[in-house]
Structure formats: C-alpha cells, structure tokens
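Below is one structure, written out as structure tokens; the observations come after it.
The values are calculated or read from the model by the stated rules, or taken from the named source; none is laboratory data. Keep in mind the model is a prediction, meaning the values are calculated, not measured. Ideal geometry is used to build each Cβ from the backbone, glycine not excepted, and the neighbour counts take in all protein chains shown.
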Amino acid sequence: MAKTSWKSIFISSLGNILGWFDYAIFGAFSTIIAKNFFPDGVEGYFAQFCTYAVFAVGFIGRPIGGAVFGHIGDVHGRKKVLFASILLMAASTAVIGMLPTYSGIGVLSPVMLVLMRLCQGLAIGGEYTGSMVYAVEQADKSRRGLSGSFSEVGCILGTLLGGQLTVIALTSAIGREALEAWGWRIPFLTGVLIAIYAFHVKKNIQEPPTTQPNKSADTIPLVMAFRSYWPQLLAAFFSTVFSGMSFYIVLVFLPNHMFSHDSLSGANMAFIFSAITNTIMLIFVSLFGHISDKIGRKPIMLAGIIGVMLVCYPMMELSKGGFGYLYLAFQAMFGISLAAFYGPRSAFMSEAFPRQIRVTAVSLVVGLSQAIFGGNTPFIATYILSTTGNISYVAIMLISACLLAILGVCKLGALGAKPLAKT
C-alpha cells in the first residue's frame, strides 16, 4: 500500500475538530439555552429535561446522516462526505447563533432550534465516522491504529474547545449574566468561518488510493451491510454502547448539573475538571492507538472498558461531596480508560467491514449507538437523579452498558477483521 498520507489525515482531523466544536457547544450551553428558548416558568430539572430532549434530537439525526453520507462515501468517494458534512454542520450551527429567543417569537423559537439541532446530527453522522474511515484508509497496515486515533483526537479536541474552554473563557471575560443574555451566541456564530474551511477540505484532500469512488456498484451499501454483515453490525453496535454514555455523563451531565445546582465557583470547577479529563484523553488516545498496532486492538479496548467499570462508581460517590481533588483523580483515571477504548476504535471497526460498505456500516453502527444511548444519557441521568436523589444510580446504568460493550468487543474480535488491503 502507498505510504501513510499524514497531510491528508491532518486536514481531515482538523475538520473533525471544527465539526465537534460546533456540536459540543450546544451541550456546554444547554442550561443557558433552556432559559432563552423555553417559557420563563420552565426552570430547574424541567428546564434541563427540555434542553436535553433537544440535545438528544441531534443524535436522532446521526444514524440518518450516517446512512445518507455513508452511501455517498461508499459510492461516490470519501472526500465528498467530508466536504458536505462539514458544510452542513457549519451552516446549522451559525443559524442557531442567530435564532430569536422565546421572548421574541414564542414557540417558533424552540421549533427552529430543534430543526437546526437535527441538521447538526445529520452532519456529524457523516463527518465523524467518515473521518474515522478516511484516516484508517490513508495509513499503511502497520499504522492503522495510530492513524485512526487522529479522528478521535479531533473529536476530543473539538469537544474540549467547544464544551469546556469556551464556557470557561466567556464566563471569565464577560460574566455569567452577559453570557446568559447574549454571550452564548458567540461560539455558534463561528460556524460561518468553519464553512470556509469546508472548501479548503474539498480542494486539498485526496481519495485514499485503494478507495476510489464506486459509482458502478450493483448493490446499495446499506442493503449489503444488513444482508451479509449483520453479525458484525450487531457486535460493533454493542461494543460502542458505553462510550457515548461515558462521554456525555462526564462532559455534559455533570458540569451542567453543577452549573444549575451549585455556586458559580462550583460550576466553573466542574467545567475545569471536565476540561482536564478531556486533555488527559487527548494525551493518551493516540498512544493507545499506537500500542494497538503492536499488540492488537481487542486487549486495549477491553482494558479501557473494564477501567471505566472500576472507576465510575467511586467517582459518582465522590461527586456528592463536591468536586474535590480526590474526585479529579478518579475522573482522570476515567479519562485514561476512555482513551484506551477510543484509541484503537477507528481501526477496529474499519477493519471489520469491506471497502464497498465501510463508511455506511461504521456510520450506521456509531450513529445508532449514539442515538439510543449517547444522546439520551444526560436526559436519563437527570431523570434518575431527580427521582432517586442518588447520583450513584447513574454509575450503575453505566456499568450495565460496559458489560454489553465487553460482549460486543469480544464478539467482533471473534468474527475476524477483514484486512483492508484485500477488500
């Protein structure tokens, strides 16, 4: 195979950073969005329910976007997927930043918000998994784990910038009152600039040498995937269940819980700790991807899942007493464990499907998993906390998802991964 194209991998990963920045700022500002897009009487837990429901709408769009953009990628080429999905993400995010609030146009405001959030979901359903597959296919056989990890680096860095650092910076610069009134619009309006980058992607990246467009394909990739590779689809689906749940508990649910129910200093500390966790993941994810090229994907991913299982319950217990440094230590271990799963994941999943259906299959699996388990997690976690008053039940939910993920990883590994060079 041709030499690994690090330039193309870097450009596609940068697109992933920008896409996830756009996607993450909605989660980070969910509490503030509730105050602007729902009636004045909607507050407390119910306000969070409303906003998390809108947050989850984006995830409903992900499997649909995965099927649509996956088909484009498998039939017309990976490059078109990256361009179109980044452009859609940029446009829908910029529109959110310009939407009138509930006080201005009434119920039409949350309706438009839902539509734009759905467009964001459609976009990320193609862009995220499209970049996962693209990065793996650009690498030679000995570097697929490392190369594929850069798509996860883009996701984590984009989430770090949009989900934590933006909130911290804007709160410090303009204060909470101004942030809630108008400051929250600033990061959304950057979508206009990101649209310009989409054209840079279109011009400067190339199709992987062994994956040229397949316009003469005699079978629809989605049909082929379900007809011939449903065991791999099911196993891959199970394997990625816990990851979205873990990600959104630590990076959306916990910070917003503190933002709504604690002092400003406590809320800022929650976002700072989440930013630290994201940074730790950023440091370790490519290391684990590289190690998986040496010793295999499955043992690294299983170690990550088990690590999350062991850490999540004491982490939740410690959060009851406030966000202290012992809590931070457990959250750091949580981040390292997640990095062990995410590092090899792009290569692990891409290698499980042949080229003709690869983007469709990976997009569908990740999109469905996130739609069912990831996007609903902040909503479900808030419901559990509001009805039981005990945040440890959220940990029990996550442990159950980890057990399902272990089953999926073991099954997909047993089915055998098809070498990319032979497909």
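Tabulated results
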item: Count of residues meeting criterion [at pLDDT below 90 and under 20 Å from the mean Cα position of the chain (by Cα)] in the range 398-421; result: 0
item: Any chance S147 is at pLDDT below 85, assigned to a helix (DSSP H, G or I), buried (at least 24 other Cβ atoms within 10 Å of the Cβ) and not aliphatic (A, V, I, L, M); result: no
item: Test for A139: is it over 12 Å from the mean Cα position of the chain (by Cα), of a type outside the set (V, I, T), more than 25 Å from A91 (Cα to Cα) and part of a helix (DSSP H, G or I); result: no
item: Sole exception among (1) within 22 Å of A275 (Cβ to Cβ); (2) of a type in the set (K, R); (3) at pLDDT below 75 for R185, by number; result: (3)
item: Residue within the range 245-267 that is modelled with pLDDT of 85 or more and assigned to a helix (DSSP H, G or I) present; result: yes
item: Criterion: within 18 Å of S274 (Cβ to Cβ) and in a helix (DSSP H, G or I) - qualifying residue of A329, A340; result: A329
item: Helices (runs of 4 or more DSSP H) contained in the range 27-128 and holding at least 2 residues more than 23 Å from the chain's Cα centre (by Cα); result: 30-37, 44-76, 102-105
item: Counted residues, the range 150-201 - those being buried (at least 21 other Cβ atoms within 10 Å of the Cβ) and either polar (S, T, N, Q) or without any contact (Cβ under 8 Å) to a residue 12 or more places away in the chain (or both); result: 4
item: Any chance M315 is over 24 Å from L233 (Cβ atoms) and modelled with pLDDT of 90 or more; result: no
item: Leading residue by the ranking (surrounded by the most Cβ atoms within 10 Å (Cβ to Cβ)) among those in the range 368-379 that are in a helix (DSSP H, G or I) and at pLDDT below 85; result: Q370
